[in-house]
Amino acid sequence: MGRKAKFTEEKTKKGPGRKAKKQKDPKFPKAALDEPEKKPSHRQKQRALKRIQKRAARKEKIKEIKKIKKENVVTKELSQNVKSTTIKQVSIPNGSTSKPLKRPKNFVHYPQESDEEEEPKVDMKGFSDHNKQWLKPKQVKTAMFDSEEDDSDEEDEDQESEEDAKVTSLNDLSDEDDDEFDSDSIKDEDESDSDSIKLEEDEEDDLLPIEKETKKLRAKQKREQKLADEELKLNIAGQEVFQFPNDVENEQMTLQDIQQRVRDVIVVLADFNKLRDGEHSRGDYMELLQKDLCNYYSYNLFLMEKFMELFSLSELVEFLEASEVERPLTIRTNTLKIRRRDLAQALINRGVNLDPVGQWSKVGLVVYSSQVPMGATPEYLAGQYIIQGASSFLPVMALAPQENERILDMCSAPGGKASHIAAIMKNTGVLVANDVNKNRITAVVGNFHRMGVINSIISTLDGRKFTQTTTGFDRVLLDAPCTGTGVIAKDPSVKTNKDQQDIQRCSTLQRELLLAAIDSVNSKSSTGGYIVYSTCSVLVEENEAVIDYALKRRNVCLVQTGLEFGTEGFTTYRQHRFHPNMKFTRRFYPHTHNMDGFFVAKLKKFSNVIPKPPTVEEAVEEVQEVSIEDIEEKMNVSPSKGKKRKHGGDVTEKSKKSKVMKVDQLGTKKEGIKKVIKKDGGDAKSKKVKLKKADQSKTNDLKKPPTSTKLSKEAKTDLKHPKKQANKSPSKTKVEEVQAEKKVKAVKSKEGKLKMKNRNKLGMKGQVSTVKSKINSNKLTSKKMFTKKS
Amino acid sequence: MKRLSEERTKKLFEKLSLYIGSNIKLLIERPDGLYCFREQKDRVYYVSEKVLKIGESIPPEHLVSVGTCFGKFTKTNKFRLHITALNYLAPYAQNKLWVKPSMEQQFLYGHNITKSGLGRISESTEKFQGIIVFSMSDVPLGFGVAARSTTDCRLADALAVVCFHQADIGEYIRSESDIL
């Protein structure tokens, strides 16, 4: 069908084709192609001649000056010998004798010559106080040499090129040449070039002109290189090393100066060992930097310190810079009413310049410029979009609400995120939007009605008490109130009005809210059981620390947020050691992601049971428990309560501190056991000795870091049996006891019976579910026994 | 949250029928579950039973809104529709009025609609009947009462009012704090 392709016929090309057009070969002007060596014009010749003459004259002059200097020296010597004659000879007119004057150099070099020759020289040197009125040797000489200038010139050149001996005397000349070269223009350069070439011409006359040319070029390059090197050295020497200011307090500086100093200090801190001055420590520099940054960006010292702890120095400046600038205005399409494409079209018709916010969101639009106020267009009023920061999309995306779910937004005002949730749920299910502030809740009402959210309940309960009214939600979004250190561009007052107490208050509130949020979730939900925690702060105290707290207090674990960008949360921060899964949380910074500073964490609740908060008594037990866990770790025994510990977080510093105490306690306990054994009788004396040794070794172990495993293999294998593991606390000594018994072969001691009793009691209490309680019971039983025995 | 009394229900439906006529039926008998009218602090809310159940568990002093607010009963016991009801009125509207872009902004600032700003109007609109106002691109802007019937509108001069303003979406900005 259609046109048939003519495969058989071979197409003949009609012409070169449009694309085959070729540029013609370039044509060069004749002059450029072959440059015939021009003969110098008449004027040029004349100028060249003049130049040569001039140069010769200059050299001559210099030579003469030298000659006079040296002759002066000689005459002093001679004058002692022939005093009387000299005065007479002076009167002889100089012009009459030209011969001796012709060889002044010879004279200099060979002062001890015949008298005949000496005389005229003496006559030359006869310049003294007596005759200085009329005798001016320099002038006279030049006048004399005028006639023989050419000859001497030739001589000079010969000397220059051939006689090494004379070179020393010519040094002055070359020096002067150099001086001239420095001060004068290119013309001189050329002259000196031609000079050197002339010198070489004698040796290498057979060189081609191009070779000469290259030689010239090389020489030039060498010179330039030398100059460049010198300049470089100068630069290095002249580079300003930052001087630590003497009087930081009373200095009056402009903003530019401060900025410059900030840069300088950062440079110094980047390579501290090299660039520091000897007197000031890193702390001093940091203090100076902090002060300058506070001045420049008008922060208070406290907040700046927090930021300096959080960011590296270069990043810090970027962050501060970014915090000065507003983020681009973004809007979110209300998918309940309109599609993004239609909205974009409608807004473009109103003269709005916009773009999709990025690959990661299908509802966001960035507004670059707009002729109409974005918050008052008919489209806005009709609820087709809402003005919302790009970062506010993230928690809702992380929450990933499903249709027909029960979802709670605990701190919802002004309802941007909540309406986003409703839009994703497509108005199905139930959305509870709560905010404690009654003034702000009106914004939620307005936004919900404007955007057509119909499945919502809007309440003004205190989030911390929300569980008292209703629970059993599938998902909860907690966008907690915070210090707002991520949105300084929006509210610059944060810079100055936040201190430690504010952060502490926020953090406490956040913890309470998060626990309430977790409690209001139903972990048995078929689709959900998720909590998303977010803040618009970048401080660790309000983010990771709060999550870590919740991980310890509730049966929740961290899961991936599902956001493909953003930096990972901190697992370690200064002295804090957070749960390793903290890397699942996401941080967003204004300087890296061009959105407000933000933190998003997603938690999954896996059990509705609320673990009892540790009371004072239990806290002590907890301390002991931790110590046992440590021992388990050492023995590489996988504990049955690993799960609990996993969610309970790592051993914090506090518990580490308490370890020392634990060790002491264990020690006393062991002593108690020893006493019991003593009472058992003397037949087990050898046993005791071994026990003691074992005890010592164990206490040593306890003091060592958990990696070292020094217990005997037998002990390990014994401990691996679950029953014996249940024995734990009184136990460890007992395990070794068993071995000791085997070795001594005094098996039927009272001690053994005691152990049996212990085991029976254990059997009775063996039904207790958690290991912790087991341990407690063990402690109790052993205590009882001890009292019995005593 | 309480059920509406007989009297109040009647008043509410009378008012609604002014705008959506017999389409009220569609509001009550819905395929996607039971919906009902509830009253709290004289405000009337239209809400699904499912949402209502959870809403009832929240103490009334802390409950701000459930579902969609349709309007309120005044102190003189008359029912007054709020702009928030527009979501339900617009799709079921019987009488519509489209305004020209030039009039759009004026209406959103709370002015009546004059003949000059009238783009289109549905036929057979009677005088003093409820009417939903749309922009030319079919975005609902608010509602009002027809000042003239459709036939009268044709004859009216440019400055004559064709629709009295009752509520418009500009209220979301102008009076956000007392939107309910």
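The values are calculated or read from the model by the stated rules, or taken from the named source; none is laboratory data. For clarity, every value in this text was computed on a predicted model and none was experimentally measured. Note that each Cβ is placed from the backbone with ideal geometry, even for glycine, and that neighbours are counted across all protein chains shown. Surface areas here come from the heavy atoms of the whole protein model, side chains and all, with no ligands, DNA or RNA. Shrake-Rupley method; radii C 1.70, N 1.55, O 1.52, S 1.80 Å.
Values as computed for the structure displayed
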| read-out | value |
| --- | --- |
| Pick from region B:60-78, criterion more than 17 Å from the chain's Cα centre (by Cα) and either within 15 Å of B:Lys2 (Cβ to Cβ) or in the same structural domain as B:Ile169 (by the TED database) (or both), ranking: most open to solvent (accessible area, probe 1.4 Å) | B:Glu61 |
| Residues of region B:139-179 that turn out to be assigned to a loop (DSSP other than H, G, I, E, B), in contact (Cβ under 8 Å) with a residue 40 or more places away in the chain, within 12 Å of chain A (Cβ to nearest Cβ) and of a type outside the set (Gly, Ala, Ser), as a count | 2 |
| Which numbered condition A:Lys362 fails, given (1) within 11 Å of another protein chain (Cβ to nearest Cβ); (2) open to solvent by 30 Å² or more (accessible area, probe 1.4 Å) | (1) |
| Residue list for region A:421-443, restricted to those being open to solvent by 10 Å² or more (accessible area, probe 1.4 Å) and either more than 12 Å from chain B (Cβ to nearest Cβ) or touching a Pro at 6+ places or on another chain (Cβ under 7 Å) (or both) | A:Ile424, A:Arg440, A:Ala443 |
| Scan of region B:6-18 for residues that are farther than 17 Å from B:Thr68 by Cα and either assigned by the TED database to the domain that holds B:Gln166 or surrounded by 14 or more Cβ atoms within 10 Å (Cβ to Cβ) (or both), ordered by number | B:Arg8, B:Lys11, B:Ser17, B:Leu18 |
| Flag for B:Glu123 being open to solvent by 60 Å² or more (accessible area, probe 1.4 Å), in contact with a helix residue (DSSP H, G or I) (Cβ under 7 Å, 6 or more places away or on another chain) and farther than 17 Å from B:Lys15 by Cα | yes |
| Search result, residues across region B:19-59 that are open to solvent by 70 Å² or more (accessible area, probe 1.4 Å) and more than 10 Å from chain A (Cβ to nearest Cβ) | B:Ser22, B:Lys25, B:Leu26, B:Glu29, B:Pro31, B:Leu34, B:Lys41, B:Glu49 |
| Total residues in region B:61-78, condition more than 10 Å from chain A (Cβ to nearest Cβ) and touching a strand residue (DSSP E or B) at 6+ places or on another chain (Cβ under 8 Å) | 5 |
| Filter pass, B:Leu81 being within 12 Å of chain A (Cβ to nearest Cβ), within 21 Å of B:Glu176 (Cβ to Cβ), buried (at least 21 other Cβ atoms within 10 Å of the Cβ) and touching a strand residue (DSSP E or B) at 6+ places or on another chain (Cβ under 6 Å) | no |
| Criterion violated by B:Thr125 - all others in (1) free of Cβ contacts under 8 Å to residues at least 40 places away in the same chain; (2) in a helix (DSSP H, G or I); (3) not hydrophobic (A, V, I, L, M, F, W, C) satisfied | (2) |
| Filter result for the condition that a residue is in contact (Cβ under 8 Å) with a residue 60 or more places away in the chain, open to solvent by less than 80 Å² (accessible area, probe 1.4 Å) and either more than 10 Å from every other protein chain (Cβ to nearest Cβ) or in contact with a Lys or Arg (Cβ under 7 Å, 6 or more places away or on another chain) (or both), over B:Leu108, B:Leu89, B:Leu118 | B:Leu89 |
| A:Asp355 vs. criteria among the acidic types (Asp, Glu) and assigned to a strand (DSSP E or B) | yes |
| Every residue from region A:365-382 that is facing another protein chain (nearest Cβ under 8 Å) and out of contact with any Ser or Thr (no Cβ under 8 Å at 6 or more places or on another chain) | A:Gly375, A:Ala376, A:Glu379, A:Leu381, A:Ala382 |
| Subset of region A:444-496 [within 22 Å of A:Leu513 (Cβ to Cβ), open to solvent by 20 Å² or more (accessible area, probe 1.4 Å) and at the interface with another protein chain (Cβ under 7 Å from one of its Cβ atoms)] | A:Thr469 |
